[in-house]
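The values are calculated or read from the model by the stated rules, or taken from the named source; none is laboratory data. Quantities reported herein were computed from a predicted structural model and do not represent experimental measurements. Positions of Cβ are generated from backbone atoms using ideal geometry, with glycine treated the same way; all protein chains shown enter the neighbour counts.
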2 protein chains.
Amino acid sequence: MAVDPDHVLRAAAALLTRKSTATMDEVAKAAGISRATLHRHFAGRDVLVRALESLGIAECEAALDAARLDEGTASDAVRRLVGAIEPVAGLLAFLYSENQLFEGEELNAGWTLIDDRISALFRRGQLGGEFRIDLTPAWLTEALYGLLASGAWMVHSGKGAPKDFQHMIVELLLGGALRREES
Amino acid sequence: MAVDPDHVLRAAAALLTRKSTATMDEVAKAAGISRATLHRHFAGRDVLVRALESLGIAECEAALDAARLDEGTASDAVRRLVGAIEPVAGLLAFLYSENQLFEGEELNAGWTLIDDRISALFRRGQLGGEFRIDLTPAWLTEALYGLLASGAWMVHSGKGAPKDFQHMIVELLLGGALRREES
DNA sequence: CCAGAGTGAGACATCAGTGTCTCATCTGGG
DNA sequence: CCCAGATGAGACACTGATGTCTCACTCTGG
């Protein structure tokens, strides 16, 4: 029976999300195929990681689309974005750490696109008077990534419930830790 | 001349902070000693990483002490903490990712101590009515780690200035992205 | 001055992960 | 039914990192 490359990719993503140093052997086993077949579809670990990178980018963009960043208040858009991106957070964290190894090589241009779209959202919130302007959109974007990683870690390690993921991140990112006098 | 193990450790920390996959050979070269001597002082990569872990814990605790978490408002304490912990942020990020590989093994109890001290700070802020209570101290602590990692990444990649490190993190962690009507 | 400790350089074996190949087996379409 | 293509299992060699050992050199203290 012909192997479904997409299924293999998702199995690899699920495994590497938990154990980033997993062997090609383990990846193959996780996907339910032999190492030989895995190598026929992805000729080498780097090829596999690149494919996972493309998958992560595609899913991120899908989440960005689903979140409709241009509609409604920027706060609501951020809320939708975090909710939509939650399933990808683990894979994102893996790729994030893996990309540090590609130091010399150029990184996939897709990330820049995603960064730009998220930055644009924060900028929209600033221009609309919704967000404070003393924190740059670039930093807010990077901070969102960090909080997503922390949230994914909380859930993964069992210290936090998946249902709280969106609330925890959005509330901290938007409102901060300080208690609000108003409302 | 006798090698100073602490100097070796700091050189290793500086290198591994930038390139987490550095070889023992590269570590030795970075420390200005031979691989043989490096192995005489740290018999294996895992021993070296454990030693770095101890160093990171010690420096974290020193930062916690220097920040005087019990004095003044919790907000000011957080501000001092971030400022004091900044030099360790890179090493912290390295150990953070490295600890994921120690899955089965027990993690150093020192981290729990540090977590507890930071959590206690956030709890103090909550009990004093300074911080909101719908975000758990455990999450605030984890979020702080994530923001420290993001900040270190911003500085490391040149996207942000070191002088903004403390301000970026503290302002986002405490105040959030939303614009404040008051003040 | 001399002995001993510490170091640098290099050789060597080992080990894990990987890339590659072969061959038997299985499946599906003509 | 039969064949072509795909898969699984395993063997084999290669590579990079590592652990270990030896030997020569250089300090320093007695």
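Values as computed for the structure displayed
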{"item": "Test: residue A:147 is crowded, with 23+ Cβ neighbours inside 10 Å and either of a type outside the set (Ser, Thr, Tyr) or more than 8 Å from chain B (Cβ to nearest Cβ) (or both)", "result": "yes"}
{"item": "Of all residues in segment B:16-63 being among the basic types (Lys, Arg) and near DNA strand C (Cβ under 10 Å from one of its atoms), the one that is surrounded by the fewest Cβ atoms within 10 Å (Cβ to Cβ)", "result": "B:40"}
{"item": "Residue satisfying all of: in segment B:38-71; within 16 Å of DNA strand D (Cβ to nearest atom) and of a type in the set (Val, Ile, Thr); nearest to the chain's Cα centre (by Cα) among these", "result": "B:49"}
{"item": "Positions within segment B:14-38 being aliphatic (A, V, I, L, M) and not in a loop (DSSP other than H, G, I, E, B), in sequence order", "result": "B:14, B:15, B:16, B:24, B:27, B:28, B:30, B:31, B:36, B:38"}
{"item": "Complete set of residues in segment B:112-136 that are under 21 Å from the mean Cα position of the chain (by Cα) and either over 18 Å from residue A:180 (Cβ atoms) or more than 11 Å from every other protein chain (Cβ to nearest Cβ) (or both)", "result": "B:112, B:113, B:114, B:115, B:116, B:117, B:118, B:119, B:120, B:121, B:123"}
{"item": "Among residues of segment A:9-37, those that are over 25 Å from the mean Cα position of the chain (by Cα) and either hydrophobic (A, V, I, L, M, F, W, C) or more than 16 Å from DNA strand D (Cβ to nearest atom) (or both), counted", "result": "2"}
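Residue-by-condition table, conditions (1) among the basic types (Lys, Arg); (2) over 30 Å from residue A:45 (Cα atoms); (3) at pLDDT below 95:
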position: A:98; (1), (2), (3): no, no, yes
position: A:101; (1), (2), (3): no, no, yes
position: A:125; (1), (2), (3): no, yes, no
position: A:137; (1), (2), (3): no, yes, no
position: A:144; (1), (2), (3): no, no, no
position: A:147; (1), (2), (3): no, no, no
